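What follows is one structure encoded as structure tokens, with my remarks underneath.
Here, each number is a calculation from the coordinates, and none is a lab measurement. The structure presented is a predicted model; accordingly, all values stated were derived computationally and were not measured. Neighbour counts run over all protein chains shown; Cβ positions are idealised from the backbone, glycine included.
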Amino acid sequence: MTRLRVQSFGVSLDGYGAGPEQSVQNPLGVGGLEMMEWFFPTRVFQKMYGSGEGETGVDNRVAEQGFENLGAWILGRNMFGPVRGPWPDESWRGWWGEEPPYHVPVFVLTHHARKPLEMKGGTTFHFVTDGIESALAQAKSAARGKDVRLGGGVASVRQYLRARLIDELHLALRPVLLGSGEHLLRDINLRALGYECAKHLAGERALHVFLRKT
Ligand SMILES: NC(=O)c1ccc[n+]([C@@H]2O[C@H](COP(=O)([O-])OP(=O)(O)OC[C@H]3O[C@@H](n4cnc5c(N)ncnc54)[C@H](OP(=O)(O)O)[C@@H]3O)[C@@H](O)[C@H]2O)c1
């Protein structure tokens, strides 16, 4: 059965999943990189963007597991880029260069229609303007029995949580304070929605908490 999974989602101790004022210079918002400092030293990150070496401990293992058995992704439009409002043109092609690290169909939630964007390495971005259920149905169909990963950002995860559509949510809790930004769980009663903590693991630089829908 295809599951909708959130994996490796960095959260500050005070509950933020992104810093404020996202821009090209600060894709994760001001201060947001601190939330992901557990991920950058891992072998899985270094193989994608760095030297190819990297650490192989708990943080790396959970990050690697997050990429297993994926047939499609869903992203919010701000995770795809910093462009807001109607697309001025088609020049923005994502944060990741010509070969994004997805290698499967990616469904981008937006209010602004755009033609599908085929990239190198098997990633095609499809822009979905008719809501989260539609994006999930399209992603599940594209995933052909594998799982769908919801990559973020915060607004998108919050919507899918409220709709009880996320099956598994892995948070990487970092001992840093952001003070402001996009808060992940404010006013969301996960317990009432039927989520429980299934497991937690201490990594080298984050506490990994795995929530699942009961
Ligand atoms: N902590 C982590 O691990 C992590 C992971 C991923 C991303 N992030 C960060 O999170 C931030 C982005 O999160 P965010 O909360 O700003 O935004 P987001 O969830 O990436 O995108 C929100 C935007 O997507 C579109 N959208 C969302 N739901 C929609 C719906 N139901 N129908 C139509 N369009 C919809 C809207 O864009 P339009 O109205 O403009 O079309 C909305 O403004 C970035 O800083 C990113 O780097 C953090």
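Numbers at a glance
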| read-out | value |
| --- | --- |
| Neighbour-limited loop hits for GluC sites (Glu not before Pro), segment 29-74 (at most 16 other Cβ within 10 Å; DSSP other than H, G, I, E, B) | Glu37, Glu53, Glu68 |
| Estimated vicinal HN-Hα couplings, Hz - segment 112-124 in sequence order (Karplus 6.51, -1.76, 1.60; Gly, Pro = x) | 10, 4, 7, 5, x, 10, 8, 10, 6, x, x, 8, 10 |
| Simple label model, 7 Å out from Cα along Cβ direction - Met48 to Glu90, nm | 2.6 |
| All Cα pairs of segment 38-120, percent lying beyond 15 Å | 64 |
| Pairwise label distance in nanometres, Ile188 with Arg162, each label 7 Å out on the Cα-Cβ vector | 1.0 |
| Gyration tensor (alpha-carbon) shape descriptor, segment 170-214, a/c threshold 1.5 | oblate |
| Residue exposure sequence - Ile74, Ile132 - by fewest surrounding Cβ within 10 Å | Ile132, Ile74 |
| Volume of the Cα convex hull of segment 10-73, divided per residue and given in Å³ | 115 |
| Least to most buried among Asp147, Asp89 (fewest other Cβ within 10 Å first) | Asp89, Asp147 |
| Segment 89-105 - phi-based ³J(HN,Hα) in whole Hz, Karplus 6.51/-1.76/1.60, Gly and Pro as x | 6, 9, 6, 6, 10, x, 6, 9, x, 6, 10, x, x, 9, 6, 8, x |
| Average Cα contact separation per residue, the chain, under 8 Å, 6 or more apart, as relative contact order % | 31 |
| Estimated inter-spin distance, Leu177 and His112, nm [label 7 Å along Cα→Cβ] | 3.7 |
| Overall Cα dimensions of segment 57-183, principal axis frame, Å, largest first | 40, 37, 31 |
| For Glu182, Glu21, order by how many other beta-carbon atoms lie within 10 Å, fewest first | Glu21, Glu182 |
| Compactness of the chain as Cα Rg over 2.2 N^0.38 Å, two decimals | 0.97 |
